[in-house]
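Working notes for the structure below.
The values are calculated or read from the model by the stated rules, or taken from the named source; none is laboratory data. This one's a predicted model, so the numbers in the text were calculated from it and none came from an experiment. All Cβ positions, even for glycine, are placed from backbone atoms using ideal geometry, and neighbour counts span all protein chains on display. Heads up: the accessible areas ignore ligands, DNA and RNA and are worked out on the full protein's heavy atoms, side chains in. Shrake-Rupley method; radii C 1.70, N 1.55, O 1.52, S 1.80 Å.
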Amino acid sequence: MSKEPVAVVGIGQTKHVAARRDVSLAGLVREASRRALDDAGLTWADIDAVVIGKAPDFFEGVMMPELYLADALGAVGKPMLRVHTAGSVGGSTALVAAGLIASRVHGTVLTCAFEKQSESNAMWGLSLPIPFQQPLLAGAGGFFAPHVRAYMRRSGAPDTVGSLVAYKDRRNALKNPYAHLHEHDITLEKVQSSPMLWDPIRYSETCPSSDGACAMVLTDRAGAARAPRPPAWMHGGAMRSEPTLFAGKDAVSPQAGKDCAADVYRQAGIADPRRDIDAVEMYVPFSWYEPMWLENLGFAAEGEGWKLTESGVTELDGDLPVNMSGGVLSSNPIGASGMIRFAEAALQVRGQAGEHQVAGARRALGHAYGGGSQFFSMWLVGAEPPDS
């Protein structure tokens, strides 16, 4: 029996900010979920199951929050699943929800991912004490900076590329009302003169710490027929993982990322991603990861990704727009960041991305990664059903 087609009929986000002190975790997830339900023209009663995800519980210090969030998400008496795959969890959560539809276990599923970084300290939460980690770095940036240096050495990329990405994404964020950072006075010179945090990563080339949530309503073909507006259709989705460290690991272009992308492209019938995909929402918490992932995902040959960035290909009006919403560099509620990439890809093919809409976008890729470049989740969505 073939899989049931999966449609995205509802999308909701909170306004991502440094601190949402007006709501609890329950209020935050409910806000995004209600917006997704309203977009889908549905109520809590129409939802068969709920799938939620977030980053490690110790970030906020609330263990297994799903146990008390069921009521806020209308899940009392309904199946509720929790997903966790580090920073890629938002994408993985959406894929688990999609699997419930594709396998015909449920007809309509609400999926939600979230983070309240204001009630945590993710940087030091990621800086483990001796003897669990060598005392050589602080936060995720300290972990990834050597990988960026390795990419620069391997590709010969000039040290200006990171600032070009940050400048692009922060300007894109000005067109997205939900983005955390709205830097109206941003200039390339300001990015390039910002303090160096983890050589070669500057302050303005890093993601913020955000409070926020993202939710989507996924449904089957029958549910899509009842939707008040055209849905986005899932054409392919996959997850892959690999260990943090192992002999032969390529930290610059992990094999798990390549395998994940290849699987998605196979499912979606993508022969040439550079030509066949109209827009990409890519997980870029540090600006240099745009050219690195362009290569890892097959949009550019090895060592050539930075040239796409430098030549303007990834600009909003470029040949392959990347992070039209402003990306993780402009909003980073960690647990939700991957789902935001998936949701923004869906908004593009639904033609509902507002000022950051790519004209004529018919196929868009959502991408998330997490851990030590070890967990990957991706989906490709289209404006037409996968069998049309």
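Residue count for the range 40-65 under the criterion of being touching a Gly at 6+ places or on another chain (Cβ under 9 Å) and either modelled with pLDDT under 95 or hydroxyl-bearing (Ser, Thr, Tyr) (or both): the result is 6.
Looking only at residues in the range 134-149 that are more than 18 Å from residue 86 (Cα to Cα) and modelled with pLDDT under 70, which one is least open to solvent (accessible area, probe 1.4 Å)? Per the stated criteria, the residue is 137.
The C-beta contact set for the range 189-213 (first residue modelled with pLDDT under 95, second residue open to solvent by less than 70 Å² (accessible area, probe 1.4 Å) and in a loop (DSSP other than H, G, I, E, B), distance under 8 angstrom, 6+ apart or interchain) comprises 198/137; 209/18; 209/332.
Within the range 231-271, the set of residues being aliphatic (A, V, I, L, M) and without any contact (Cβ under 8 Å) to a residue 24 or more places away in the chain comprises 247, 271. For residue 42, state whether it is open to solvent by less than 30 Å² (accessible area, probe 1.4 Å), over 21 Å from residue 180 (Cβ atoms), touching a Ser or Thr at 6+ places or on another chain (Cβ under 8 Å) and not small (Gly, Ala, Ser). So residue 42 fails the test. Of all the listed residues (247, 227), the sole one being open to solvent by 30 Å² or more (accessible area, probe 1.4 Å) and of a type in the set (A, V, I, L, M, F, W, C) is 247. Exactly one residue out of 257, 326, 335 is under 25 Å from residue 39 (Cα atoms), in a helix (DSSP H, G or I), open to solvent by less than 30 Å² (accessible area, probe 1.4 Å) and in contact with a Lys or Arg (Cβ under 8 Å, 6 or more places away or on another chain), and it is 335. Sort out which residues of the range 276-290 are touching a His at 6+ places or on another chain (Cβ under 8 Å) and under 13 Å from residue 316 (Cβ atoms), and write them in order of number. Answer for the range 276-290, where residues must be touching a His at 6+ places or on another chain (Cβ under 8 Å) and under 13 Å from residue 316 (Cβ atoms): 280, 281. The single residue among 279, 368, 353, 383 that is open to solvent by less than 10 Å² (accessible area, probe 1.4 Å) and in contact with a Gly (Cβ under 9 Å, 6 or more places away or on another chain) turns out to be 368.
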